[in-house]
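*Asks:* Let me begin by handing over the structure; questions about it come next.
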Amino acid sequence: MKSLLTFLKGGVHPPEAKGQTASLPIERMPVPKELEIILGQHIGAPCTPTVNKRDEVVEGAMIGEVKKGLGVPLHAPVSGKIKDIGTSAHPMRVSAPSITITVDHEAAPVQYDKTDWTTMSAQELLAKVQEGGIVGIGGAGFPTHVKLSPPKDAKIDQLLLNGAECEPYITADHRQMLEHADEVVEGARIIMKILGVSECKIGIESNKPDAIDVMGKAAAAVSGAGCNIVVQPLEVKYPQGSEKQLIQAITGRKVPAMALPSAVGVVVQNVATASAIYDAVVYGKPLYEKVVTISGKGINKPANLLVKVGTKVSDIVDYLGGVKPELAKIIMGGPMMGFAVSSLDIPITKTTSSILFLTEDEIDATPHSDCIRCGWCLDACPMGLEPKEIAIHVEANKAEDTAQFGVFDCFECGSCAYICPAKRPLVQFVRLAKMKAKR
Amino acid sequence: MQAPESQSLPHRDWIVSVSPHVKSNETVAKIMWTVVACLMPPLFLSVFIFGVQTLIITAVSVISCVAVEYVSQKALKRPVSIMDGSAVLTGVLMAFVIPPGVSIFLPVLGAVMAIYIAKHLFGGLGFNIFNPALMGRAFLLATFPVAMTSAWLAPVDGFAIFSYFASGVDAVSTATPLAVMKEQGMAKFVEMFGSGTSLYTSFFLGWRPGCIGETSGLLLVLGGAFLIYKKYITYHIPVSVLGSIAVFTWIFGGEGWFGGDPILAVVTGGAILGAFFMATDYVTGPSTKTGQVVYGIGIGALTVIIRLKGGYPEGICYAILLMNPLSSVIDGFFKPKRFAGPVGGAK
């Protein structure tokens with residue numbers, strides 16, 4: 001095996017906790033009675049509905065689009081009837097506009113035909129990506145076609161696929177790499193054609209040796225003249241999957257503050273996004289299904305589920321046999337960066353990677369105390385910031401002075417708060433600081 | 001219409017808080033108690049060397065510090081945190097830097113200074129500018145100068161197990177090596193304590209008069225090494241403090257230039273105790289590694305200046321107290337290196 005690469009500064013080693021689901025094959029969850037599809041699935045403008053109440057829709061039909069600004073269209077995950085255009089519970093925004101579809105369980109399944117993408121031009125491929133409603137599945141949900149259209153003056157020389165999956169518990173990308181390696185690699189080839197690059201490196205943390213093996217074989221099978229795809233094993237260290245950290249780990253290049261990866265000649269895509277691009281381009285199948293890891297000691301049956309976008313957490317809980325009485329905290333996303341939710345009525349979106357049901361002994365609810373200036377947060381911060389100073393200034397009502405400590409470079413990975421012996425909610429302080437600090 | 005609550009869910013309130021939702025199992029209390037544990041071997045050796053008096057002084061110091069912490073927090077209407085081990089640690093450290101032969105009222109008074117004035121009046125753990133244990137010692141040294149500089153006990157000679165190690169020390173002395181060196185000169189020092197390797201060895205193992213906890217360099221180094229192994233402290237401060245004491249003593253400590261004895265400078269007095277357990281205090285020291293090295297060198301330089309030119313034979317206590325308020329200034333100079341600057345390299 002090649003030597004393991006990693007980013008240079010900071011990082012932490014939270015318990016991986018992937019054992020509950022790592023060996024469970026992806027399982028398709030039966031479609032529930034109704035779905036709630038949130039209109040704002042991605043960074044940028046939310047979609048405007050293109051359907052009306054009581055309309056009949058078929059699986060894959062467009063139900064929302066972005067007329068102005070950054071965005072991608074939204075598609076019906078199922079055939080059925082538009083029940084309502086209203087609002088749904090949302091993990092971050094409390095409530096958000098949504099379309100509710102009553103599922104028609106009698107409808108015939110939609111067939112997608114395979115097409116030969118190699119005859120299409122880069123422009124045509126890019127249009128397919130946009131039409132397919134593809135966004136960055138890894139978490140941020142940035143519209144993919146925008147990411148694949150770097151500024152003209154940027155010279156992109158390689159594509160990086162992010163298979164680090166550094167968040168504890170989550171195994172969705174791991175399973176997709178194992179079960180759909182060929183689709184991921186084919187998706188990478190499509191992206192490479194769009195970008196006009198011949199180099200692709202797939203970064204996978206070394207705690208997934210089976211994925212490194214399978215992906216390596218799939219990559220070798222298609223590599224040849226003008227197309228060089230290799231798997232790069234990475235050290236297990238959080239936040240290895242953060243874009244800037246991954247780029248440094250694999251290429252040694254440093255993306256400047258406030259800049260995009262194109263500034264150093266690379267584009268990063270998640271492995272699951274590559275797979276979704278494959279579906280959208282080769283089969284014309286839009287992104288409306290998602291592999292989600294359901295894990296934690298608080299759920300009866302952990303699983304890697306393929307669910308329709310718009311499936312509510314409560315439907316998933318019912319399908320997996322309910323929760324255990326010890327359940328203390330429900331998290332949408334990973335334990336390091338995910339959002340705790342207080343309701344199960346929340347529908348999953350294109351960017352939901354996991355739902356964790358954690359018990360008291362898995363979480364930390366210790367009250368925090370004053371900063372003892374141990375400086376561990378300085379050592380843990382992968383961006384070289386000063387979390388302790390940001391927090392102390394916020395506590396002293398001086399949040400507006402925190403830009404000097406790098407608050408705007410913070411991507412809230414939570415390494416500082418993870419390591420803090422005084423259990424200080426440093427990410428919370430950073431978010432408060434970002435609202436008040438002057439750039 | 002509100003969707004019906006799922007059947008399979010017991011109704012209860014789940015915890016909602018900002019990420020991260022998992023945290024390391026390190027806590028302030030765990031760190032404090034670990035440091036206390038690392039100070040137990042030197043304490044027990046001290047009981048062997050000076051007798052049970054050292055244990056009584058240490059116990060009184062610890063109990064007083066915890067009691068003062070409790071009363072201070074009650075009086076200042078703050079949450080009582082005596083179980084976090086920080087007052088216990090202050091108690092042990094303060095006992096370690098006072099002579100074993102003092103009255104037991106001294107540590108009680110010292111505790112009031114250390115915990116109430118130096119810690120809680122500054123805002124409590126995390127806000128104190130000066131190391132509380134050393135503030136206690138400095139206060140006692142100013143108020144009881146005779147007791148604090150003369151209540152030394154000679155090492156008890158008689159434990160067969162130690163007689164081998166103690167081979168270089170047969171003279172019973174009631175002055176510390178540094179005091180003898182300062183007041184009576186090097187000749188008298190060699191006459192009393194010997195010289196050469198056996199002197200270094202016996203001093204390093206602890207067989208000499210001194211404060212309760214500063215006797216055994218070996219056990220203190222082992223305790224400090226454990227803290228480094230646990231990643232509770234790093235080597236930066238201890239190495240820079242001891243290294244600069246050795247270098248500055250070597251340059252300036254002798255008759256001419258480069259005539260001092262660097263090894264003796266490190267193994268005498270409280271150098272090792274201060275370097276590993278006092279200067280490394282998180283609250284009162286810098287947080288960045290470069291800052292810590294600068295801070296350590298500052299402590300080493302001030303220690304040597306006080307030892308050679310000041311009015312006291314030992315200087316590390318005041319050296320650390322003088323450097324304490326500079327910590328945040330030093331941190332301001334040596335900020336962590338950012339991942340990358342903005343485009344164009346400005347800033």
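The values are calculated or read from the model by the stated rules, or taken from the named source; none is laboratory data. Owing to the predicted nature of the structure, the values given are computational and were not obtained by experimental measurement. Backbone-built Cβ (ideal geometry, glycine too); neighbour counts: all protein chains shown.
*Asks:* Filter the stretch A:388-402 down to the residues that are more than 10 Å from chain B (Cβ to nearest Cβ) and within 20 Å of A:G11 (Cβ to Cβ), then identify the one that is surrounded by the fewest Cβ atoms within 10 Å (Cβ to Cβ).
*Replies:* Filtering the stretch A:388-402 for residues that are more than 10 Å from chain B (Cβ to nearest Cβ) and within 20 Å of A:G11 (Cβ to Cβ), the one surrounded by the fewest Cβ atoms within 10 Å (Cβ to Cβ) comes out as A:I390.
*Asks:* Every residue in the stretch A:208-227 that is modelled with pLDDT of 95 or more and either touching a Pro at 6+ places or on another chain (Cβ under 9 Å) or not hydrophobic (A, V, I, L, M, F, W, C) (or both), please.
*Replies:* A:K208, A:P209, A:D210, A:I212, A:D213, A:G216, A:K217, listed by residue number.
Each row is one residue, and each column tells you yes or no for (1) over 26 Å from A:R373 (Cβ atoms); (2) modelled with pLDDT of 95 or more; (3) hydrophobic (A, V, I, L, M, F, W, C).
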site: B:A59; (1), (2), (3): yes, yes, yes
site: B:E69; (1), (2), (3): no, yes, no
site: B:P79; (1), (2), (3): no, no, no
site: B:L89; (1), (2), (3): no, yes, yes
site: B:I98; (1), (2), (3): yes, no, yes
site: B:H120; (1), (2), (3): no, yes, no
site: B:G124; (1), (2), (3): no, no, no
site: B:G136; (1), (2), (3): no, yes, no
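*Asks:* Which one is modelled with the highest pLDDT among residues in the stretch B:325-347 that are farther than 14 Å from A:D379 by Cα and in a loop (DSSP other than H, G, I, E, B)?
*Replies:* Ranking the candidates gives B:A340 first.
*Asks:* So which of B:L125, B:L106, B:L134 is part of a loop (DSSP other than H, G, I, E, B) and in contact (Cβ under 8 Å) with a residue 24 or more places away in the chain?
*Replies:* Going through B:L125, B:L106, B:L134 in turn, just one is part of a loop (DSSP other than H, G, I, E, B) and in contact (Cβ under 8 Å) with a residue 24 or more places away in the chain: B:L125.
Each row is one residue, and each column tells you yes or no for (1) assigned to a helix (DSSP H, G or I); (2) under 18 Å from the mean Cα position of the chain (by Cα).
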position: B:S244; (1), (2): yes, yes
position: B:I263; (1), (2): yes, no
position: B:F276; (1), (2): yes, yes
position: B:V283; (1), (2): no, yes
position: B:L302; (1), (2): yes, yes
position: B:L322; (1), (2): yes, yes
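*Asks:* For the stretch B:53-90, which residues satisfy the criterion of being surrounded by fewer than 17 Cβ atoms within 10 Å (Cβ to Cβ) and either outside the structural domain of B:V35 (by TED's automatic domain parsing) or closer than 16 Å to B:N128 by Cα (or both)?
*Replies:* Answer for the stretch B:53-90, where residues must be surrounded by fewer than 17 Cβ atoms within 10 Å (Cβ to Cβ) and either outside the structural domain of B:V35 (by TED's automatic domain parsing) or closer than 16 Å to B:N128 by Cα (or both): B:L76, B:R78.
*Asks:* When only residues in the stretch A:403-433 that are in contact with a Leu (Cβ under 8 Å, 6 or more places away or on another chain), assigned to a helix (DSSP H, G or I) and of a type outside the set (F, W, Y) count, which is surrounded by the fewest Cβ atoms within 10 Å (Cβ to Cβ)?
*Replies:* Ranking the candidates gives A:D409 first.
*Asks:* Now for a separate question. Given the conditions (1) in contact with a helix residue (DSSP H, G or I) (Cβ under 8 Å, 6 or more places away or on another chain); (2) in a strand (DSSP E or B), report the number of the one that A:K18 does not fulfil.
*Replies:* Just one mismatch for A:K18, condition (2).
*Asks:* Right, another one. Strands (runs of 3 or more DSSP E) wholly in the stretch A:318-385 with at least 1 residues that are facing chain B (nearest Cβ under 7 Å) and either in contact with a helix residue (DSSP H, G or I) (Cβ under 7 Å, 6 or more places away or on another chain) or surrounded by 23 or more Cβ atoms within 10 Å (Cβ to Cβ) (or both) - which ones?
*Replies:* In the stretch A:318-385, the matching strands (runs of 3 or more DSSP E) lie at A:327-332, A:354-359.
*Asks:* Only one of B:G270, B:G291, B:G296 is buried (at least 24 other Cβ atoms within 10 Å of the Cβ) and either over 29 Å from B:W152 (Cβ atoms) or within 14 Å of chain A (Cβ to nearest Cβ) (or both); which?
*Replies:* Being buried (at least 24 other Cβ atoms within 10 Å of the Cβ) and either over 29 Å from B:W152 (Cβ atoms) or within 14 Å of chain A (Cβ to nearest Cβ) (or both) holds for just one of B:G270, B:G291, B:G296, which is B:G291.
*Asks:* Return yes or no: is B:I237 farther than 19 Å from A:D379 by Cα and out of contact with any strand residue (DSSP E or B) (no Cβ under 6 Å at 6 or more places or on another chain)?
*Replies:* Taking the combined requirement at face value, the residue does not satisfy it.
*Asks:* For the stretch A:148-159, check the following and say yes or no: at least one residue is assigned to a loop (DSSP other than H, G, I, E, B) and of a type in the set (S, T, Y).
*Replies:* Scanning the stretch A:148-159, I find at least one residue that is assigned to a loop (DSSP other than H, G, I, E, B) and of a type in the set (S, T, Y), so the answer is yes.
*Asks:* Okay, moving on. Given the options A:N270, A:N300, name the one that is without any contact (Cβ under 8 Å) to a residue 40 or more places away in the chain and of a type in the set (S, T, N, Q).
*Replies:* Just a single option satisfies the conditions, and that option is A:N300.
To keep it simple, each residue is scored yes or no on (1) assigned to a strand (DSSP E or B); (2) touching a residue at least 40 places away in the same chain (Cβ under 8 Å).
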position	(1), (2)
A:K53	no, no
A:I82	yes, no
A:G86	yes, no
A:S95	yes, no
A:P109	no, yes
A:Y112	no, yes
A:E124	no, no
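*Asks:* For the stretch A:251-265, check the following and say yes or no: at least one residue is modelled with pLDDT of 95 or more and more than 14 Å from chain B (Cβ to nearest Cβ).
*Replies:* Within the stretch A:251-265, none of the residues are modelled with pLDDT of 95 or more and more than 14 Å from chain B (Cβ to nearest Cβ).
*Asks:* Somewhere in the stretch B:202-211, is a residue more than 26 Å from B:I57 (Cα to Cα), touching a Leu at 6+ places or on another chain (Cβ under 8 Å), outside any loop (DSSP other than H, G, I, E, B) and not acidic (D, E)?
*Replies:* For the stretch B:202-211, residues more than 26 Å from B:I57 (Cα to Cα), touching a Leu at 6+ places or on another chain (Cβ under 8 Å), outside any loop (DSSP other than H, G, I, E, B) and not acidic (D, E): absent.
*Asks:* Mind checking which residues of the stretch A:230-262 are among the acidic types (D, E) and under 26 Å from A:P151 (Cα atoms)?
*Replies:* Result: A:E243, single match.
*Asks:* Now, a different point. Does A:T293 qualify as being away from chain B (no Cβ under 14 Å) and either aromatic (F, W, Y) or within 22 Å of the chain's Cα centre (by Cα) (or both)?
*Replies:* yes
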